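The values are calculated or read from the model by the stated rules, or taken from the named source; none is laboratory data. Source: prediction; values computed, not measured. Positions of Cβ are backbone-derived with ideal geometry, glycine not excepted, and every protein chain shown enters the neighbour counts.
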Amino acid sequence: MTKRIDRLEPLRISEVRYREEWEARCPLCQEWQPLDFDFWDPGRMTRCLTCWRVYSKLMNRHYGEVEAVRACRREGARVRYWARREKHIKSVARWREEHKEARREYDHRYRAAHREEINARRRELYAQKKATKA
Ligand SMILES: [Zn+2]
């Protein structure tokens with residue numbers, strides 16, 4: 001069975017025959033398939049369900065790799081970011097105002113966990129200050 005999934009122009013089943021049951025020929029893979037819901041989707045008769053499965057699998061796999069799709073997604077993210085930016089900054093500031101206790105607790109925990117780093121940074125700054133003064 002040869003599959004030509006690169007063809008996207010609308011195709012219609014052109015051939016229907018009766019053997020033991022009604023069968024239709026898939027315009028893509030040219031296979032005769034029984035005309036029932038296991039092999040055809042009535043809303044998408046341009047190819048059989050097997051071909052549709054192959055098509056969607058390939059589309060899903062390559063969706064993130066298509067540069068146009070990625071550019072479109074990036075553009076959408078940029079627009080959303082700039083549309084929400086002011087609101088987001090305001091809501092973060094409001095949250096900080098309303099949760100001063102939580103902030104203090106968090107700062108305390110952070111300082112306890114990163115004591116060494118903070119001290120090292122302070123020492124470095126102190127040494128730089130001394131060096132520039134001298
Ligand atoms: Zn098919």
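Numerical summary
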quantity: First in the range 47-73 and farther than 24 Å from GLU23 by Cα and in a helix (DSSP H, G or I), second anywhere and aliphatic (A, V, I, L, M) and modelled with pLDDT under 85, Cβ under 7 Å, 6 or more apart; calculated: LEU58/ILE5; TYR63/VAL69
quantity: Restricting the range 40-50 to residues that are of a type in the set (A, V, I, L, M, F, W, C) and within 9 Å of the ligand (Cβ to nearest atom), the residue that is nearest to GLU15 (Cα to Cα); calculated: CYS48
quantity: Qualifying residue in the range 60-74 (condition: of a type outside the set (Asp, Glu) and at pLDDT 85 or above); calculated: yes
